[in-house]
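Some notes on the structure that comes next.
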Amino acid sequence: MAPLVTIAWIFLKIGLVFVGGGYVLIPLLHRIMVDQYRWLTLKEFLDGMALSQLTPGPLAILATFAGYRAGGFAGALVGTVFIFLPCTMLMIFLTRRYERLRNIRLIREVLDGVVPAVVGLVAAAAWNLGSTSIVTLRDVLLMATGFGILQFTRVSPMFVILGAGALGYFLHFS
């Protein structure tokens, strides 16, 4: 079991770069949780990501799962608190100053530069996950179907994930 201080420090650092939402962190989370500390196997990481899509704050909930694997219940609690701590403190700070800050040209220009980089990070995360988990024609069809449903309908991602899980289960046993 990993020491709670280690879990806290790792998730605090991850929380500090949680800019643009969790998807930009997929490569970092994979590197830390699977490659570096071996808290999760690749399969557990991918399963955790899939399951976390059913919850609010999807990838942050992966911190709870990895924290649990690294340090039991206390590790889950520490991982969850420390991944949310930086963004919570930042939001408390920014909400009081938002009206003044949003009119500062430098801040607008910095954010205009960050947005394309975040899109690139999300694309890289999708590529990394896809290249390791989409290996059969069935996987490609499920991915394309999920993409089409989410892109062109108003169906909740939760139903897409549950439907894909049910389909995977039935296809596995047929």
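The values are calculated or read from the model by the stated rules, or taken from the named source; none is laboratory data. Just so we're clear, the structure is a prediction, and the values are computed from it rather than from any experiment. In this analysis, Cβ positions are derived from the backbone assuming ideal geometry, glycine residues included, and neighbour counts consider all displayed protein chains.
So, in region 127-157, how many residues would count as being within 25 Å of Val34 (Cα to Cα) and either in contact (Cβ under 8 Å) with a residue 40 or more places away in the chain or of a type in the set (Phe, Trp, Tyr) (or both)?
Adding up the residues that qualify gives 5.
Of the conditions (1) surrounded by fewer than 17 Cβ atoms within 10 Å (Cβ to Cβ); (2) at pLDDT 90 or above, Leu51 clears all except one; give me its number.
Answer for Leu51: the failing condition is (2).
Checking the structure you have, find out if any residue of region 95-106 is exposed (fewer than 15 other Cβ atoms within 10 Å of the Cβ) and either hydroxyl-bearing (Ser, Thr, Tyr) or within 20 Å of the chain's Cα centre (by Cα) (or both). Talk me through it step by step, then tell me what you get.
Just the residues of region 95-106 that are exposed (fewer than 15 other Cβ atoms within 10 Å of the Cβ), to begin with: 95-106.
When the remaining residues are screened for being either hydroxyl-bearing (Ser, Thr, Tyr) or within 20 Å of the chain's Cα centre (by Cα) (or both), the result is 95, 98.
Taking every residue of region 95-106 in turn, at least one turns out to be exposed (fewer than 15 other Cβ atoms within 10 Å of the Cβ) and either hydroxyl-bearing (Ser, Thr, Tyr) or within 20 Å of the chain's Cα centre (by Cα) (or both).
Could you tell me whether Arg38 is buried (at least 19 other Cβ atoms within 10 Å of the Cβ), charged (D, E, K, R) and at pLDDT 90 or above?
When the stated conditions are applied, Arg38 does not pass them.
If you take the residues in region 158-174 that are touching a residue at least 12 places away in the same chain (Cβ under 8 Å) and aliphatic (A, V, I, L, M), which one is farthest from Ile26 (Cα to Cα)?
Across region 158-174, the extreme among qualifying residues is Leu171.
Just the residues that are touching a helix residue (DSSP H, G or I) at 6+ places or on another chain (Cβ under 9 Å) and farther than 27 Å from Leu42 by Cα, please, taken from region 105-152.
Ile107
Return the residues of region 3-28 that are crowded, with 19+ Cβ neighbours inside 10 Å and modelled with pLDDT of 85 or more; say none if nothing qualifies.
Ile7, Ala8, Ile10, Phe11, Ile14, Gly15 - these are the residues of region 3-28 that are crowded, with 19+ Cβ neighbours inside 10 Å and modelled with pLDDT of 85 or more.
Residues in region 145-158 that are surrounded by 11 or more Cβ atoms within 10 Å (Cβ to Cβ) and at pLDDT 90 or above: how many?
The number of residues fulfilling the criteria is 7.
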